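Take a look at the structure set out below.
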Amino acid sequence: MPKLDLTKVPLKTGSIYPEPYASQMAGRSSLRLGAAGGLTQFGANLVILQPGAMSSLRHWHAAEDEFVMVTQGICTLVQDAGATDMHPGDCAAFPAGNSDGHHFLNRTDTEARFLVIGSKAAHEVATYSDIDMQVEMSGGKARFLHKDGSDWSGPR
């Protein structure tokens, strides 16, 4: 595989989250580098956060490992124990099944970026730590649920 031309990798914006959460992802975009390179066993995405943006809702994965490395700017990692600023070269790992939800915020006035690498489980459930929502991923399709397993009907 030749070197990836990042100028030709489509910029993905928006969110698969239902409202009112989808609109909270304004200022977040990503380059799906793994997909652009034809990878199928794990994902590699360059996430771009504009000032004030967040990477996702705080979440954890039941079946998938995640690894993050900050490449530009300052990303604030938020977990159960609090917030930690991460600078270029700083890394974090999130093993599957660890229920300490995480996400990244850009609390600065300049763009921040991080590389996230994650396994691609055939079936995955991600739980959102701060709200009553989970997402079940199977066959590339997302199904949103309440934490009790009932179909998503909006915030309770």
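Taken together, the values in this text are just the output of simple stated rules run on the coordinates, not laboratory data. Here the structure is a predicted model, which means the values were calculated and not measured. All Cβ positions, even for glycine, are placed from backbone atoms using ideal geometry, and neighbour counts span all protein chains on display.
Among (1) among the charged types (D, E, K, R); (2) crowded, with 17+ Cβ neighbours inside 10 Å; (3) out of contact with any Phe, Trp or Tyr (no Cβ under 7 Å at 6 or more places or on another chain), where does residue 66 come up short? That leaves (3) as the condition not met.
Does residue 81 count as surrounded by 15 or more Cβ atoms within 10 Å (Cβ to Cβ) and not aromatic (Phe, Trp, Tyr)?
Working: surrounded by 15 or more Cβ atoms within 10 Å (Cβ to Cβ): no; not aromatic (Phe, Trp, Tyr): yes.
No; evaluated as a whole, the condition is false for this residue.
Can you tell me which residue is surrounded by the most Cβ atoms within 10 Å (Cβ to Cβ) among those in the range 1-32 that are part of a strand (DSSP E or B) and among the polar types (S, T, N, Q)? Step through it out loud before you land on a result.
Filtering the range 1-32 down to residues part of a strand (DSSP E or B) leaves 11-13, 28-32.
Now restrict to residues that are among the polar types (S, T, N, Q): 13, 29-30.
Details: 13: 12, 29: 17, 30: 20.
Result: 30.
The lone criterion from (1) touching a strand residue (DSSP E or B) at 6+ places or on another chain (Cβ under 7 Å); (2) over 20 Å from residue 22 (Cβ atoms) left unmet by residue 136 is number (2).
A single entry from 90, 65 fulfils the requirement of being under 14 Å from the mean Cα position of the chain (by Cα) and more than 24 Å from residue 23 (Cβ to Cβ): 65. For residue 35, the criteria (1) touching a residue at least 40 places away in the same chain (Cβ under 8 Å); (2) surrounded by 15 or more Cβ atoms within 10 Å (Cβ to Cβ) hold in every case but one, which is (1).
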